[in-house]
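Everything below concerns the one structure shown next.
The values are calculated or read from the model by the stated rules, or taken from the named source; none is laboratory data. On a predicted model such as this, the values are computed, not experimentally measured, just so you know. Ideal geometry is used to build each Cβ from the backbone, glycine not excepted, and the neighbour counts take in all protein chains shown.
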Amino acid sequence: MTQLALKAQELADRLGGTLRHCPPDRLLTTVDPLHEATEASVSFFTNSKYRDQALHTRAGLVLVGTREDLGEVPQLAVANAYFAFAQATGWLRPEPEPEFSDGPVHPAAVLGAGCRLGWGATVGARSVIGARTILHPGVHIAEDCVVGEDCEFYPGVALYRRSVVGARVRLHANTVVGSDGFGYATVDGIQMKVPQAGWVDIEDDVEIGSNTSIDRGALGPTRIRRGAKLDNQCQIAHNVQVGEHCLIAAQAGISGSTILGDHVTFGGKVGTAGHLHLGRGSVCAGNAMVAKDLPEGSFVSGYLARPHREWLASQAALNRLPAILKELRRKSEEQA
Amino acid sequence: MTQLALKAQELADRLGGTLRHCPPDRLLTTVDPLHEATEASVSFFTNSKYRDQALHTRAGLVLVGTREDLGEVPQLAVANAYFAFAQATGWLRPEPEPEFSDGPVHPAAVLGAGCRLGWGATVGARSVIGARTILHPGVHIAEDCVVGEDCEFYPGVALYRRSVVGARVRLHANTVVGSDGFGYATVDGIQMKVPQAGWVDIEDDVEIGSNTSIDRGALGPTRIRRGAKLDNQCQIAHNVQVGEHCLIAAQAGISGSTILGDHVTFGGKVGTAGHLHLGRGSVCAGNAMVAKDLPEGSFVSGYLARPHREWLASQAALNRLPAILKELRRKSEEQA
Amino acid sequence: MTQLALKAQELADRLGGTLRHCPPDRLLTTVDPLHEATEASVSFFTNSKYRDQALHTRAGLVLVGTREDLGEVPQLAVANAYFAFAQATGWLRPEPEPEFSDGPVHPAAVLGAGCRLGWGATVGARSVIGARTILHPGVHIAEDCVVGEDCEFYPGVALYRRSVVGARVRLHANTVVGSDGFGYATVDGIQMKVPQAGWVDIEDDVEIGSNTSIDRGALGPTRIRRGAKLDNQCQIAHNVQVGEHCLIAAQAGISGSTILGDHVTFGGKVGTAGHLHLGRGSVCAGNAMVAKDLPEGSFVSGYLARPHREWLASQAALNRLPAILKELRRKSEEQA
């Protein structure tokens, strides 16, 4: 891959935008989130939740809407900052073509000692599989993955390129790691794809059930931290972080960039909005739909999720409501 | 496949029914939905929502319940019209046996120029794969499929026979296209399978996440129109139509025959009933459960889904309800 | 596999517990649920719902918490009975290593007459596939499975070891049978895996949609009984029983050990708590969240699920609530 780079002015020209507080010949070579950016990074700011990060970023250039003003931060003001970012990502971080091989294991793959592959398991170029790891038939590992020791992946598990998996991780059948996050910039009602340039990082001692989907980050990683346990059919969106020793029951759906502290527990079918922070040790009862940040040690339920006691009270009231309304009508008629 | 055909009277005899307004020697060679039927078609009418279609159908024979009367329409009145239709479908549109080959690519498959297959990807008889399309390891394309140019299918994607996919379509790992719709006619408490004789038609520029299921039509197609984007773990039932440039977040479930207009947006975990029409540009908030048709440009939420403002108001009222009931009780005691 | 056995006193020593009413040299060779245990079985009691089973078990030794007392039943009292059980299971029922072969079909597999395999379908050691059964490309059957006659499994279906499937069963693409149940004993905030020593038993004439997950039992089977039909993306937890001719629509989630009587019907996205009994012929409307046992012939809806009429009444009342509260406020101000 040749080194890709664009000067700030070139970017401004291509994107039809205006540079502010940025030398036109600044060389930009990559895209990064605001809090991890360096002077060579293009970043973007479209969600006011991250204003603080934007004001303190080290990014060489931040894409913003034309009405936005980040003060002294080097900015490129454009009509649609998110779409501009999608384009910049395509230029600076283009998705490489897949590299297929003639047999199931690419000659440039590295299999550790005692590693066992079922018939038809495939391992891509430059992927490294740790000692004693077991890949059942029909497991597919793409290019540039790193898988630790003593893992076991069941049939149909798919790792997209650049996935990182720790030691002693068990992935059950047909679980997908690293699929594209659901990111589109809408331009005149048409969804333009935002290239998903990040990866998935699954730490040691994680177990994940069958038919679960873990999307890779748009930038940077989606993380499943040490010892977390996820059940079947969970949906983990891009840039989610699941904390250490979380326990996530089946059919959970965690929206993009939401962060679960350590030891968070979900009952079945829990859903969350995106960009939330769920405090350490929070418990979300089955089917809870979490739309707000949760303080440490919360216990919530319901749709929308609220403290469990409050939810119980409102449900009890709701159940009594038809009778109460009838009674009110009777009284009101008596008084009339 | 030999030409299959039954005379109307033969059908009546086999199904134990009575012909009305239909010449007994009319030759019936296929099954079709009411609005697409021709004189050679058997169709059926069991859902009053489609009465208008039934009264104006061109079908050669419509299966109806014995208490039903469609006037001059050629009818076959039977005890269980849906089960009769299942049987007729089995006779006139029998599922062919799968045709396996000795290698991953059937000799009668056609691969376009620059098409690339990962190790172990399989392509069935008479399937045509467009130029430059990439099939990752473990992709399985059955017989008689048509896939356009510049597509990319990730590991474990499965296309059932007769699936049609346009150009530049991306299907993520372990997504299934064309599985049997969930159709059973219940006879004495036993579910009798209704053969699913349709197919799936995915148009150009569609992207679909991982572990999603798109069932084929019972008759005719399930359609995902141009430019639509579906996230992971969506469930698209038989004969659904997803409009152009719809944006459907993860874990949505769209029930049979529901039609989404263009530019419809779903948050995560949205569910819909079957046979609905969701107007162009409708927005369904996360977890909404849609049980009614939606006019163009609707914005709904809740369970059951209603206009978002109404839902917000009812939620606010519900949250205050326990306190209000307490207050009412206090007043009522004061008055007593 | 050498015969594994531990004396009661050895178990007590390893687990740091106290024997009660149990001869220290009793030989224990297996683990079993309370109601199926014999004198050679270790069992456990942690859920008061099963007290009656515990008091009448024939188990040679029951693991209980130190504060628990089961009278004359042979007990081993330990600090964490569930974790102790996990350890005992690991000692007495260790998971065997997978046995891979050089080709897709293990030499010790048995394929019935007329059985057809797509390219790349794999069958493990000692698995027996019935006559005329069709395994599409990419189906993976592990060791020691039994599959009946005239089945059809679509691409990507995975059977874990010891799965049992009857005749005429259709499993759609990427459905998983026998993945590990979600069982962990929490010790100081860390989830310790409870080995899942059971299996899945799918009876005759069952059809299961695509991307569905059926976990194997923790002990004993998870059962899908004769003629049941499950749609796409259903999640069936360990030790669930789905009754004969049940009809389960897409995206259902049934929690561990819940039992569905025969002819139960679920709309889409239904969820249930664990350890419930849903009576024969019950109907759960779409999106219902069932948290209690249901008597025979129930019809429930809502979150939490209650009788459908009650739920309709509470929804109607809820919709009117904002207007009613306004009216109450007005009256209250008039009186003031």
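Odds and ends about this structure:
- Qualifying residues in the range B:151-170 (those that are at the interface with another protein chain (Cβ under 10 Å from one of its Cβ atoms) and buried (at least 24 other Cβ atoms within 10 Å of the Cβ)) - the one nearest to C:P155 (Cα to Cα): B:A158
- Looking only at the range A:298-322, and only at residues there that are surrounded by fewer than 16 Cβ atoms within 10 Å (Cβ to Cβ) and more than 9 Å from every other protein chain (Cβ to nearest Cβ), the one that is farthest from B:G302 (Cα to Cα): A:R309
- Filter pass, C:D262 being surrounded by fewer than 24 Cβ atoms within 10 Å (Cβ to Cβ) and either more than 9 Å from chain B (Cβ to nearest Cβ) or over 13 Å from the mean Cα position of the chain (by Cα) (or both): yes
- Residue count, the range B:92-122 (criterion: facing another protein chain (nearest Cβ under 10 Å) and either within 24 Å of the chain's Cα centre (by Cα) or of a type in the set (D, E, K, R) (or both)): 6
- Pick from the range A:101-122, criterion aliphatic (A, V, I, L, M) and surrounded by fewer than 19 Cβ atoms within 10 Å (Cβ to Cβ), ranking: farthest from B:P137 (Cα to Cα): A:A113
Residue by residue, here is whether (1) modelled with pLDDT of 85 or more; (2) acidic (D, E) holds:
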| position | (1), (2) |
| --- | --- |
| B:L276 | yes, no |
| B:G279 | yes, no |
| B:A288 | yes, no |
| B:A291 | yes, no |
| B:F299 | yes, no |
| B:P307 | yes, no |
| B:A316 | yes, no |
| B:P322 | no, no |
| B:E327 | no, yes |
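- Criterion (modelled with pLDDT under 95 and over 10 Å from the mean Cα position of the chain (by Cα)) met by exactly one of C:D188, C:D144: C:D188
- Unique match (being touching a strand residue (DSSP E or B) at 6+ places or on another chain (Cβ under 6 Å) and over 21 Å from A:L325 (Cα atoms)) among B:G279, B:G286: B:G279
- Residues satisfying the criterion are absent from the range B:157-171 (criterion: assigned by TED's automatic domain parsing to the domain that holds B:N211, at pLDDT 95 or above, under 26 Å from A:G124 (Cβ atoms) and among the polar types (S, T, N, Q)).
- Residues that are buried (at least 24 other Cβ atoms within 10 Å of the Cβ) and not small (G, A, S) were ranked within the range B:134-150; the one that is nearest to A:P98 (Cα to Cα) is B:H136.
- Residue count for the range C:133-176 satisfying the condition of being of a type in the set (A, V, I, L, M) and outside any strand (DSSP E or B): 6.
- When the range A:1-28 is filtered for residues that are among the β-branched types (V, I, T) and touching a strand residue (DSSP E or B) at 6+ places or on another chain (Cβ under 8 Å), only A:T18 remains.
- Any chance C:T212 is touching a Cys at 6+ places or on another chain (Cβ under 8 Å), surrounded by fewer than 21 Cβ atoms within 10 Å (Cβ to Cβ) and not basic (K, R): no
- Looking only at the range B:193-224, and only at residues there that are more than 13 Å from the chain's Cα centre (by Cα) and closer than 24 Å to B:A37 by Cα, the one that is farthest from the other protein chains (Cβ to nearest Cβ): B:E203
- Of the residues making up the range C:123-132, those that are more than 12 Å from chain A (Cβ to nearest Cβ) and either outside any loop (DSSP other than H, G, I, E, B) or surrounded by fewer than 24 Cβ atoms within 10 Å (Cβ to Cβ) (or both) number 6.
- Counted residues, the range A:106-146 - those being touching a Ser or Thr at 6+ places or on another chain (Cβ under 6 Å), under 14 Å from A:L171 (Cβ atoms) and of a type in the set (A, V, I, L, M): 1
- Of all residues in the range A:271-284, those being within 20 Å of B:Y303 (Cβ to Cβ) and within 10 Å of another protein chain (Cβ to nearest Cβ) number 3.
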